[in-house]
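Student: Just passing along the structure, written as structure tokens.
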6 protein chains.
Amino acid sequence: MVERRQNYRQQARPIDYLKHSVNKIILIKVKRNRLFRGKLEGFDEHLNLYLEGTSQIFEYQDEEGNIREEHENLGSIVVRGDNVIFVNLANE
Amino acid sequence: MVERRQNYRQQARPIDYLKHSVNKIILIKVKRNRLFRGKLEGFDEHLNLYLEGTSQIFEYQDEEGNIREEHENLGSIVVRGDNVIFVNLANE
Amino acid sequence: MVERRQNYRQQARPIDYLKHSVNKIILIKVKRNRLFRGKLEGFDEHLNLYLEGTSQIFEYQDEEGNIREEHENLGSIVVRGDNVIFVNLANE
Amino acid sequence: MVERRQNYRQQARPIDYLKHSVNKIILIKVKRNRLFRGKLEGFDEHLNLYLEGTSQIFEYQDEEGNIREEHENLGSIVVRGDNVIFVNLANE
Amino acid sequence: MVERRQNYRQQARPIDYLKHSVNKIILIKVKRNRLFRGKLEGFDEHLNLYLEGTSQIFEYQDEEGNIREEHENLGSIVVRGDNVIFVNLANE
Amino acid sequence: MVERRQNYRQQARPIDYLKHSVNKIILIKVKRNRLFRGKLEGFDEHLNLYLEGTSQIFEYQDEEGNIREEHENLGSIVVRGDNVIFVNLANE
């Protein structure tokens, strides 16, 4: 049995790192082979996201086995957090 | 380790943006290749939605590989929020 | 950034609309291509449902591509809310 | 907009109906084409279940398209509630 | 409508049964056709588990239709509870 | 019915074991046949993770049935906890 150190509350939470990306273009990998790229306008603790100027990138394989992308403009969207796999932070 | 700024609570939450769409027609992308289009009458913090005059659009590929749509009128429905991928806000 | 109006709490929550359907026959679209039809006896905020006289309708495609239905009588069941896609309210 | 009546808290919650089935054999339909049949010894608000003398029934289709069942004895198990689709209550 | 008896709180919760298996070898059925076998060192109310000396058993069907198993040693792992289907308790 | 011993709160929670891996390279098995390998910078009780220098390893089977891996550099990412199957702790 391991000793309990309660200090992980003093660390930054993973979600706190998103604050640096507000008003910047980020890339969000979502379930079902999709990516969203848009300007992050708001987020909450569930990783719900509000994005503006969003484009959805859908990845698929064509008949010859090449990876292809399909783009779709979505405008302003509210993404439900549970669809997110990971958020790629904007480079500073 | 990053400095902690607690100010993301002062931002609008993603879900707050839905308020502008109440009583308007919105488009909801849901899991399992479905779209709902209907008048938003109510919503809550789980993204549960109450819609009136809803039509369900089911997207599929026919034998020649074309994307086809099938429409179904659902009337008044309560959608459980965890089925939502994203909500496309009504244009103002 | 949008102004915050907290008034969506004053709206009816999506789940409140279910109250009109208690003791009535409703249709519930559930995940995995199933429908339940039964008398709504109780529900809670997770959309857990207690149904009596329930029949399950399973939709599938036969060898010629026709949509077929299979019915099964389930009697009294407790449905876990997270299986629900949407509830079709009883007509009044 | 609908009037708000808060009286659905006075109704029995769906999960309350399970109390009548404690110490009885129940049938639980779970995700991924499985059924559990066992004696209900305990449950909680997440629909986590503790079952004794459990048998798992796995339904599949054989090469000729017939529905077949495979049984497996599991003994005492703790089932995580989110795997449950519905619980078939014991007849009284 | 059924009378409400609040006594299911006095029953043992399903998760309480896991306490008898701490420091024992247990078998955990997880989603995506996997089993974990390891020594249970810790658990919480979400069914998050800390296991030592864990081996993962992946079940699959070979070309002749036989059920085959593949073993992999994982050492010490933290399993997120929502992957668990059920826990098979250690025999006493 | 089993006696209730409330002492599992005194045990270390599964998530507490992650603290030993902060600032170390860990391996995370995620859903949809993916692995992340990166330096753990932060985590929370949902198993949300903040990783730096992350590489994603995608496992697939080629035409001859061999298991192949594809690597992709992701840099700094916030992983939503519900994608995690298990975390392999860093050896000490």
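Student: Restricting to the stretch C:48-67, count the residues that are farther than 13 Å from C:Leu35 by Cα and out of contact with any helix residue (DSSP H, G or I) (no Cβ under 8 Å at 6 or more places or on another chain).
Tutor: The qualifying residues number 9.
Student: Tally time: how many residues in the stretch A:25-53 are among the aliphatic types (A, V, I, L, M) and under 14 Å from B:Pro14 (Cα atoms)?
Tutor: Residues flagged as among the aliphatic types (A, V, I, L, M) and under 14 Å from B:Pro14 (Cα atoms) within the stretch A:25-53 amount to 4.
Student: Taking the criterion of being of a type in the set (A, V, I, L, M, F, W, C) and in a loop (DSSP other than H, G, I, E, B), would at least one residue in the stretch D:30-47 satisfy it?
Tutor: Yes: one or more hits.
Student: With the requirement that a residue be within 11 Å of chain D (Cβ to nearest Cβ) and open to solvent by 60 Å² or more (accessible area, probe 1.4 Å), what does the stretch C:71-91 give you?
Tutor: Passing the criteria: C:Glu72, C:Asn73.
Student: Just need a number here: residues in the stretch C:19-45 that are surrounded by 17 or more Cβ atoms within 10 Å (Cβ to Cβ) and of a type in the set (S, T, N, Q).
Tutor: Summing the residues that are surrounded by 17 or more Cβ atoms within 10 Å (Cβ to Cβ) and of a type in the set (S, T, N, Q) in the stretch C:19-45 gives 1.
Student: With respect to the numbered conditions (1) farther than 21 Å from E:Glu52 by Cα; (2) at pLDDT 85 or above; (3) not basic (Lys, Arg), which one is the sole condition not fulfilled by F:Ile26?
Tutor: Answer for F:Ile26: the failing condition is (1).
Student: Please specify each residue of the stretch B:67-84 satisfying the condition of being charged (D, E, K, R) and not in a strand (DSSP E or B).
Tutor: Hits for the stretch B:67-84 are B:Arg80, B:Asp82.
Student: Within the stretch D:54-70, take every residue that is surrounded by 14 or more Cβ atoms within 10 Å (Cβ to Cβ) and not hydroxyl-bearing (Ser, Thr, Tyr) and give me the one that is farthest from E:Arg13 (Cα to Cα).
Tutor: Within the stretch D:54-70, the match that is farthest from E:Arg13 (Cα to Cα) is D:Ile57.
Student: Next question. Are any residues in the stretch B:42-92 in contact (Cβ under 8 Å) with a residue 60 or more places away in the chain and among the polar types (S, T, N, Q), and if so, which ones?
Tutor: B:Asn88
The values are calculated or read from the model by the stated rules, or taken from the named source; none is laboratory data. All values reported here derive from a predicted model rather than from experimental measurement. Virtual Cβ from ideal backbone geometry, glycine too; neighbours counted across all protein chains shown. Surface accessibility is based on the protein's heavy atoms, side chains included, excluding ligands, DNA and RNA. Shrake-Rupley method; radii C 1.70, N 1.55, O 1.52, S 1.80 Å.
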